[in-house]
Amino acid sequence: MPISPTVNSKLRVLIAKTYKAEKLFLSMKSSSSAGFEHKKLIELANNVRADVWGHIHSDLRKSLNAIVNSDSSVNVTNEINRLKSSFRAVIEEKNRQLEKTKQMLFEMGTRSEFIHTMKLSLELVRLKATIQANQTIIDELNNIINSQISDSKDAQVDFDESIDDDAFNNVHVLSFNRRIAS
């Protein structure tokens, strides 16, 4: 199924938003992340989050560009659903890692291994940021799919037996220059 003009424009808007988000997250990173002061730890955590969100949005932008620039015979909804399922799989994997790492953090804390707890804490920040970024992307992709579904429902006319010939003759059919895949 080729990309409808509405979905195409919405994908392009999402690509632009993704590009801006990617640049924003990369600009949030500070050049200094050494030290143990509270402010330095916050900067370090922010750098980790910004790095994760920036990379994930970069991957999304590349995937969306591939969909938009793909052959017209590609089913866009299937491609978006495939993309969603890959992000969902990452969320499931990272949730398992998050639970395991939280348990390890607790064990390290009870043994007073604070250097390891700091390392695990940063890993937890990375995992949580990955989960949140992927969920945000899934929500955005769901919005595109839902808009495509509502657009196709708006374009359909529900004919029932009570329509008379005059009303039927006044129905206009719109063509979106769709190619039939063979």
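Laboratory data are not the source of any read-out in this text; all were calculated from the coordinates shown. What you are looking at is a predicted structure, and each value in this text was computed from that prediction instead of being measured. Because the Cβ atoms are built from the backbone with ideal geometry, glycine has one as well, and the counts that use them run over all protein chains shown.
Quick check on packing: order 100-113, 58-71 by the mean number of other C-beta atoms within 10 Å, highest mean leading. Don't jump to the answer; show the numbers that get you there.
Details: 100-113: 13.2, 58-71: 16.0.
Ranking, from highest mean packing down: 58-71, 100-113.
Report relative contact order for region 5-151 in percent, whole number only (criteria: Cα-Cα under 8 Å, sequence separation at least 6). Let's see the in-between values first.
Numbers: 122 pairs, mean separation 44.3, N = 147.
Relative contact order, region 5-151: 30 percent.
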Relative compactness, region 5-151, computed as alpha-carbon Rg over 2.2 N^0.38 Å: 1.26
Alpha-carbon centroids, region 77-147 and region 53-67: separation in whole Å: 17 Å
